[in-house]
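The values are calculated or read from the model by the stated rules, or taken from the named source; none is laboratory data. Everything numeric here is computed off the predicted structure, so don't read it as measured data. Positions of Cβ are backbone-derived with ideal geometry, glycine not excepted, and every protein chain shown enters the neighbour counts.
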Amino acid sequence: MSPEPSPADRPLSAEEFVQLKSWNTPTVYNGWEQITQRNPASEGFNLEETRDFMPHMGAMVGVAVTVVIEPSNPSHKANSPTAFSEYRRYMASVPGPKIVVVQDLDKPAYVGAFWGEVNSNIHRTLGCVGTITDGAIRDLDEMTGVGFKAIAKRLCVGHGFVHPVRWNCPVDVFGRRVNPGDLIHADKHGFLVVQPEEARQLVEAAKFMDDNEHATVIAAARNLTLGGKEEVLANIDAAAIEFGAIARSRFGKQGEF
């Protein structure tokens, strides 16, 4: 049985969560790569392909809460009949917004879905905005109706024996380790896992780099007043140099151009 959580304060204000939700995940990544000490080429985001079943909902942003399931194994309910109740109390104890990250021990032989109409309604009431699971979901229309976003591996019909195995613990999904309390930004492109010590700088960094792109390389690419191809290319080259100089002056890093 997992220990009682000791929730930390939310890493961001409500206004900062709203600002992050207004950007797609690649835009947030562009800011994150400037502030992280990790390798931005291979760390922080999913390494395996994900599927966003509600792309029309846009991005979701929240603090990670975690659970491990094994739908093929009926012994978990017998061994810990109160686990679901204890797990829900853990969910309720953590400030939202929250994203439930679910590791399915059955993968790749998926036999049941933790998520459906009932669990999505319960978790939405407990302050969760969606889930990332390397397992399956069902009741897609009902989940969409309650406004609970799902990034998952596949759909399925049954629920199996989805009693929680453990929770409030590190999980591995889509090639990425996620710890409780990590900040997650996710959309149809995949998801980014931001460590708590990086979160405070994230909004400012993402906004800075987004503004930098629009003021330099995007503006140059959309400049319709230039003459021939060589003038256009020279203007883009100059804008790329300016983009890199601005990024280095603020973060000491080059950026993507």
Completion exercise
Of all helices (runs of 4 or more DSSP H) fully inside the stretch 122-235, the set with 3 or more residues that are surrounded by 20 or more Cβ atoms within 10 Å (Cβ to Cβ) and of a type outside the set (S, T, N, Q) is 196-215
Completion exercise
Flagged in the stretch 9-19 as in a helix (DSSP H, G or I) and among the polar types (S, T, N, Q), in numbering order, are Gln19
Handout entry: Set Val178, Val111, Val194: member being touching a Pro at 6+ places or on another chain (Cβ under 9 Å) and farther than 24 Å from Arg88 by Cβ
Key = Val194
Exercise for the section: All but one of (1) of a type in the set (Lys, Arg); (2) modelled with pLDDT of 95 or more; (3) in contact with a Phe, Trp or Tyr (Cβ under 9 Å, 6 or more places away or on another chain) hold for Arg250, so report the exception by its number. Expected result: (2)
Fill in the blank from the handout: A careful count of residues in the stretch 20-72 that are in a helix (DSSP H, G or I) and surrounded by 17 or more Cβ atoms within 10 Å (Cβ to Cβ) gives 13
Exercise for the section: Please name all residue pairs, on different chains or six or more residues apart, with Cβ atoms under 6 Å, provided the first residue is in the stretch 115-130 and is closer than 10 Å to Val100 by Cα and the second residue is modelled with pLDDT of 95 or more and not in a strand (DSSP E or B). Expected result: Val129/Pro97; Gly130/Phe148
Practice task
Examine the stretch 149-167 for a residue that is more than 19 Å from the chain's Cα centre (by Cα), modelled with pLDDT under 95 and β-branched (Val, Ile, Thr), and state whether such a residue exists.
Solution key: yes
